[in-house]
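Report on one structure; see the data block that follows.
The values are calculated or read from the model by the stated rules, or taken from the named source; none is laboratory data. Bear in mind that the values here come from a model prediction, so they are computed numbers and not experimental data. Please note: Cβ atoms are built from the backbone with ideal geometry, for glycine as well, and neighbour counts cover all protein chains shown.
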Amino acid sequence: MEAGAVQAGAVEVITQAQRYFFEANGYLVVENALSPAELARVRAACDAAEALWRAEPDRRGVRRWDLEQVIAIMEYEPLFVDMMEHPRIFPMVRELLGPDVMILDHDYFITPAGATIHRGWHYDENFPQVYHPRSRLMVKVFYVLQDIPWNGGGTVILPGSHSFPPGPLPNPDTPEEMPNGVRMCLPAGSAYLMAGRTFHCVGNNLSEFPRRLLIYTYGHKWMKIWDGYEPSESVLAQARTPIRRQLLGMTDPYGPNAGAM
Ligand SMILES: O=C(O)CCC(=O)C(=O)O
């Protein structure tokens, strides 16, 4: 094991190199986060969720030519609840965010081929009262379900921007023109983690392929689950462990934290 790696039981959670990369850059790529079998299962579950969502237009989501967003994906099938605690990625999130971790939102994103950006550069954490260079309120995980080519609309991230002091940043209309921006053009099965205060933008999908992502955002249990993501009774019924109860906002926000898995 690499010196300085953090362990949960006997399993390595995050290496020192990964942690330093995240602390310095505000994001981290994990290649092969999903095994081929896992990727196939998640893809099949996403296809089924997407079919249901298309067949029932009253289901919540964004239905636009430049973004299709299936809101609250955990409501569609237990596999998506399990993904909230992915055995390789969730321990990293917990390590980076702290033991009081809770889910804030969860979506399935489809960026159609040809879609240009629907939203410009932004921070997800944009609370002017908080001094962000020293805080970490959120970590977002993106699971890549289909290869994202160079021009395929991968999120563009500005490394290190999570610790910039408050103040204006460049905001190019073409996200890929951000000086020092890094494109998340990654193979299917990868995951990338991003601090909530990292400046980022969806890219222009100029490829012939849709971009398919599962996105889970984590915060702290003293925060409030985002409106529209409050778990239904059927999701709450799947909370059979202390950590899952905490993740789903079922525990005392100021009480003891659930122990490591
Ligand atoms: O779709 C993306 O690549 C980025 C999405 C985004 O900006 C966000 O989730 O805040």
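Listed values, structure above:
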| read-out | value |
| --- | --- |
| Subset of the stretch 124-146 (residues that are near the ligand (Cβ under 10 Å from one of its atoms) and polar (S, T, N, Q)) | none |
| Residues satisfying the stated conditions in the stretch 99-120, i.e. at pLDDT 95 or above, within 12 Å of the ligand (Cβ to nearest atom) and under 21 Å from HIS162 (Cα atoms) | LEU104, ASP105 |
| Leading residue by the ranking (farthest from the chain's Cα centre (by Cα)) among those in the stretch 48-57 that are under 16 Å from PRO210 (Cβ atoms) and surrounded by 12 or more Cβ atoms within 10 Å (Cβ to Cβ) | ARG54 |
| Single match in GLY152, GLY167, GLY181, GLY189 (criterion: more than 16 Å from the chain's Cα centre (by Cα), at positive phi and not acidic (Asp, Glu)) | GLY167 |
| Those residues of the stretch 205-225 which are within 11 Å of the ligand (Cβ to nearest atom) and within 19 Å of GLY181 (Cβ to Cβ), in sequence order | ASN205, ARG211, LEU213 |
| Close pairs (9 angstrom Cβ cut-off, 6 or more residues apart or separate chains): closer than 18 Å to THR217 by Cα in the stretch 230-241, of a type in the set (S, T, N, Q) and in a loop (DSSP other than H, G, I, E, B) anywhere | PRO231/GLN238 |
| Enumerated strands (runs of 3 or more DSSP E) restricted to the stretch 42-111, each holding at least 3 residues that are touching a strand residue (DSSP E or B) at 6+ places or on another chain (Cβ under 8 Å) and within 16 Å of TYR216 (Cα to Cα) | 67-71, 101-111 |
| In the stretch 147-156, residue farthest from THR174 (Cα to Cα) [restricted to those that are more than 9 Å from the ligand (Cβ to nearest atom) and either in contact with a Phe, Trp or Tyr (Cβ under 8 Å, 6 or more places away or on another chain) or in contact (Cβ under 8 Å) with a residue 60 or more places away in the chain (or both)] | ASP147 |
| Pairs with Cβ under 6 Å, 6+ apart, first in the stretch 208-220 and closer than 15 Å to PHE80 by Cα, second part of a strand (DSSP E or B) and charged (D, E, K, R) | ILE215/ASP107; THR217/ASP105; THR217/LYS140 |
